[in-house]
1. From the list Ser96, Ser89, which residue is of a type in the set (Ser, Thr, Tyr) and touching a Lys or Arg at 6+ places or on another chain (Cβ under 8 Å)?
2. Being part of a strand (DSSP E or B) and surrounded by fewer than 16 Cβ atoms within 10 Å (Cβ to Cβ) is the filter here, so list the residues in segment 529-587 that pass it.
3. Given (1) within 29 Å of His151 (Cβ to Cβ); (2) open to solvent by 40 Å² or more (accessible area, probe 1.4 Å); (3) at pLDDT 70 or above, where does Leu364 come up short, assuming only one miss?
4. Filter segment 112-135 down to residues that are of a type outside the set (A, V, I, L, M, F, W, C), under 30 Å from Glu653 (Cβ atoms) and either open to solvent by 10 Å² or more (accessible area, probe 1.4 Å) or modelled with pLDDT of 95 or more (or both), then give me how many there are.
5. Looking only at segment 727-740, decide whether some residue is touching a residue at least 60 places away in the same chain (Cβ under 8 Å), open to solvent by less than 50 Å² (accessible area, probe 1.4 Å) and under 18 Å from Ile684 (Cα atoms).
6. Restricting the search to segment 91-111, which residues are acidic (Asp, Glu) and either over 30 Å from Ala229 (Cα atoms) or modelled with pLDDT under 80 (or both)?
7. So, in segment 194-222, exactly how many residues are of a type in the set (Phe, Trp, Tyr) and either surrounded by fewer than 16 Cβ atoms within 10 Å (Cβ to Cβ) or more than 33 Å from the chain's Cα centre (by Cα) (or both)?
8. Out of the residues in segment 488-506 that are among the small types (Gly, Ala, Ser) and buried (at least 17 other Cβ atoms within 10 Å of the Cβ), which is farthest from Thr634 (Cα to Cα)?
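The values are calculated or read from the model by the stated rules, or taken from the named source; none is laboratory data. Here the structure is a predicted model, which means the values were calculated and not measured. Cβ placement follows ideal geometry from the backbone for every residue including glycine, while neighbour counts extend to all protein chains displayed. All accessible areas refer to the heavy atoms of the entire protein, side chains included, with ligands and DNA or RNA removed. Shrake-Rupley method; radii C 1.70, N 1.55, O 1.52, S 1.80 Å.
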Amino acid sequence: MNRLFQDLRYAIRTMVKKPGFTFTAIATLALGIGASTAIFTVVDAALLRGLPYRSPGQLYHLWERRPQQEFPQREFSYPDYLDYQQNSSLELAAYSGGGGVMTGRGEPERVNAPAVTANFFSVLGVDPVIGRTFQAGEDVPGSAQVAVLTHGMWQSKFGGDAGIQGQTITINGQNVTVIGVLPPSFQFALRTADLFLTYQPSEGQRTRRFQHGTNLIGRLKPGVTPDQALSELSGIAKRIEQEHNQSHASTTVRMVPLQEQVVGDVKPILFVLLGAVAFVLLIACANVASLLLTRSLSRNKEVAIRSALGASRWRVVRQMLTESILLSLAGGLAGLFIANFGINALVAVLPERQLNALPFLKSLTIDFRILGFSFALSAVTGIVFGLVPALQSSKLDLNETLKEGGRLSIGGVRQRLRSAFVISEIALAVVLLVGAGLMMKSLLRLLQANIGFNPENVLTMMVAVPPAQYTEGQAQLNVHQQMVEKIQTLPGVVGVGAIDVLPLQGGNTTRFYVDGDPIPAPGQAIEANVRVVDDSYFSTLGVPVLAGRMFDTRDKNGAPTVVIIGKTVADRVFAGRDPIGRRLKYASFDGPGDVVIGVVGDVKIAGIDEATKPVLYYPFRQNPSIGTNIVVRTNGDVASMAAALRNEIRSVEPAVAIFNVRAMEEIISTSPAAFMRRFPGLLISTFAAVALLLASIGIYGVVSYSVSQQSHYIGVRMALGAQASDILKLVLKQGLVLALAGVGIGVVASFFLMRLLRNLLFEVQVTDPSIFVLGVVALFSVALLACYVPARRATKVDPLVALRYE
C-alpha cells in the first residue's frame with residue numbers, strides 16, 4: 001500500500017507538471033467515457049433493469065396470430081378473453097384503449113383512460129401509494145365506475161392532494177370515484193394513461209367474436225414454463241377456431257415477454273448505438289495511448305535512471321499504469337457530467353409522444369449501478385490505453401539512454417505504434433461517418449416518401465363535445481357543421497375537413513367482400529382499415545378522387561349507406577372492373593351492405609415505412625360522433641392560427657375539449673417510423689463528429705511530432721536547395737499515407753458492418769456508393785487540414801538554426 005500511495009503521489013505531481021497534456025488526455029477520455037455512460041444508462045433502463053413490476057420476467061403479452069393476412073397480429077375479442085381465462089397456466093388480465101373528456105376541474109380536458117379488468121394491477125404486481133386498486137366485481141357491466149390515477153396525473157391535475165381518495169371526477173359526463181393513486185415508478189408503455197377505469201364491456205363486445213380490441217397480459221403461475229403455457233393456450237385457440245370458424249379460421253396464439261413487447265422495437269437501435277459509442281471510446285483510447293507514447297520519449301532518461309537504481313520492469317510498468325488509470329478515472333469523473341448533460345438533453349428534445357411510448361426514458365438517472373459501470377469502464381480504459389506505452393517505456397537500452405548528450409530518438413517501434421493508433425482511429429471514424437450518412441439519408445427518404453396527401457400548412461386538432469349534451473346523432477352533426485362554418489370564415493383558411501382517426505395512426509379494421517362475388521372462405525375475406533370523414537376532408541388534404549364522387553348532402557342519415565374505397569381496394573378487389581355502384585358486405589354482421597360511390601388515392605394509414613393498407617371511408621353524416629379530428633389548411637403559418645381556431649370553435653360550444661393541436665408535418669416527423677431513424681441517426685452523427693475530431697487530433701499529433709523530430713533533416717534539405725513546396729509535399733505525404741490506410745480499412749469494415757443497419761434503413765442500400773464517397777471525402781478533407789498545419793510549420797524551419805542545433 002505504501003508503494004501504491006507513492007505511485008499515486010508521483011502520478012499526481014507528474015500530471016500537475018504537464019497541465020496541457022493532462023487536460024487534453026482527460027478531455028478526450030471524458031468524451032468517450034461520457035458518451036458510453038449515457039448510452040449505457042439508456043440500455044440499462046430499457047433492457048437490464050426490468051419493468052417496475054413484481055417478478056417482471058413472468059409477465060407475457062398475448063396476441064392473436066393470423067399468418068398470410070393483411071394484419072397478421074391483432075388483439076382478441078372479449079369472448080376470446082373469457083375462453084382463454086379458463087386456462088390453468090396463466091393468470092390473465094385484459095385491457096383496452098380508452099379516453100374521454102374530463103370536466104368540472106377547470107377547462108375541459110382530454111384524458112387518456114385505458115379500461116382494465118379488476119385483476120389488472122394484481123397480475124402486474126403493482127401496489128398503490130394511496131388508497132387501493134380495483135376489486136373483483138367492479139368490472140361487471142353496470143357497476144359504479146371507479147378510477148385509479150397515475151402519479152403524474154395526481155400531481156399535475158390534483159396538486160398531489162393527499163385526500164384524493166373518494167373524490168369524484170366527471171369523464172364523458174359520467175361521475176367516477178377516485179379510489180387510488182399509482183406509484184411514480186409505474187410505467188405502462190403499451191397505452192398512454194392518465195388514469196385507469198374498469199373494463200365494463202358493452203353488449204356488442206360481450207357477444208361479437210369479430211369485435212377485436214381486447215389486449216391480454218398473463219403472469220405464469222408457479223412451476224409453469226412458457227412452453228407449457230403456450231401449449232395449453234394453443235389448445236384453447238384450436239377449440240375457438242373449430243367453434244367459430246367464420247371469425248377465427250387459421251388463428252393461433254402468440255406469447256411475447258412483456259419486456260420485449262415494451263422495448264422490442266428499440267432493442268436493435270440500442271445495440272447499434274452501443275456499438276457506435278464503443279467505437280468512440282476506442283478512438284479516445286487510441287488517441288490517449290498515442291499521447292502517452294509521445295510523452296514517454298521525454299521520460300526515457302527518468303525511466304532509465306529508475307531502472308539503473310534497481311527498479312524492476314514490473315515496477316516501471318506499474319508506475320506508468322497508475323498514471324494512466326488515474327488519468328482515466330479523472331476522465332471518467334468528467335465523463336459523468338457529460339453523460340448527465342447528454343441524458344437530460346436527450347429527454348428534453350424527444351417529443352412527448354415518444355416519451356410516452358418509451359417511458360423508461362423519463363426515469364433516466366445516474367444511480368449507483370451507472371456509477372459502478374462508469375468506474376469499471378474508466379479503470380479498464382486506463383489499462384487498455386496505458387498498457388502498450390507502459391511496456392514500451394520499460395524496454396530501454398540503459399547504456400544508450402544514459403549517454404551524456406544522447407539525443408532523443410524518434411523510436412521506430414513507438415512511431416509505428418503511434419501510426420497504427422492513428423490508422424485505427426481513422427478506420428473507426430470512417431465506419432461511424434458511413435453509418436451516420438446512411439441513417440440520415442434514410443430519414444430524408446422517409447420524410448420525402450409519398451404519403452398520399454399534401455401535409456404542408458395543415459393544422460390538426462381533436463375536438464370533443466360534452467356527451468351528455470349531444471346524445472343524438474343529429475345534434476352531433478349540427479355542432480360539427482357549425483364549427484366548420486365558423487372556421488371557414490377565418491382569414492387565411494383555405495379548407496376545413498374532419499376525420500375520426502388521422503393518417504399514420506392505425507385504427508380499427510373490418511373484413512368485407514363484394515356482393516355478388518363468391519363469398520370468401522372463412523378467414524379469407526380482405527381486411528381494411530376504416531375511417532369516417534366529412535364532405536370536405538379529401539379536398540382539404542389534397543387526396544385525389546380517381547373515380548365517382550366525394551361525400552355530400554345526399555349521404556345523410558336515413559339514405560342508403562355508402563362507402564368510398566382507396567385505390568388499393570379497387571385494384572385488389574375489383575381488378576379492372578368498375579367499382580362504382582357495387583355493394584360491399586361484411587363478414588362481421590348481416591345487412592344490405594354499403595354502396596361504393598367513389599375511389600380515392602391511397603393514403604398511408606399506418607407507418608410511412610409500411611406497405612399501403614386497404615382502407616374504406618364512411619361519411620360523417622351517416623356516422624356522427626362526439627369527437628373528431630379537425631384538419632385545417634391555411635395559406636400561411638399554421639402555428640399562428642391555433643388560437644384563432646380555438647376561439648371560433650368555443651364560440652359554438654364553450655364546453656368543447658380541444659387537444660392534440662399539431663401541424664400535420666409534425667405528426668409525420670414524429671411518427672414512430674421517423675423516430676426510429678431520427679433518434680439513432682442524430683446520435684450516430686454526433687458520435688461521428690466526435691470521432692472525426694479525435695481522428696484529426698490524432699493525425700495532427702503524429703505529423704506534428706514527426707516534423708519536430710525531423711527538423712535537422714528538413715534543415716539540411718532546405719540548405720541544399722529544397723523549395724517550401726517540396727517540404728510541404730513531403731510532410732503532407734506522411735500524413736495522407738496514414739489517412740489512406742485508415743480510410744481503406746474503414747471502407748472495408750463499413751462494407752460488412754453496415755449490414756447491421758439494414759432493418760433501420762428506408763429505401764437506402766447498405767452499400768450506397770454516394771454515402772461511402774461522402775464519408776471518405778469528409779475524412780480526407782479533415783485529414784488534409786490536420787496535416788497542413790504542421791506541414792506549413794515545417795516550411796518555416798530556418799536551416800541555420802537547425803544545423804547550429806546539431
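1. Values: Ser96 fails: touching a Lys or Arg at 6+ places or on another chain (Cβ under 8 Å).
Unique residue meeting the criteria: Ser89.
2. Restricting attention to segment 529-587, the residues satisfying the condition of being part of a strand (DSSP E or B) are 529-533, 545-548, 562-566, 583-586.
Hits for segment 529-587 are Val545, Leu546.
3. (2)
4. 1
5. No, because not a single residue in segment 727-740 is touching a residue at least 60 places away in the same chain (Cβ under 8 Å), open to solvent by less than 50 Å² (accessible area, probe 1.4 Å) and under 18 Å from Ile684 (Cα atoms).
6. Just the residues of segment 91-111 that are acidic (Asp, Glu), to begin with: 91, 107, 109.
Those that are acidic (Asp, Glu) and either over 30 Å from Ala229 (Cα atoms) or modelled with pLDDT under 80 (or both): Glu107, Glu109.
7. To start, the set of residues in segment 194-222 that are of a type in the set (Phe, Trp, Tyr) comprises 196, 199, 210.
Those left that are additionally either surrounded by fewer than 16 Cβ atoms within 10 Å (Cβ to Cβ) or more than 33 Å from the chain's Cα centre (by Cα) (or both): 210.
Number of matching residues: 1.
8. This residue is Ala498.
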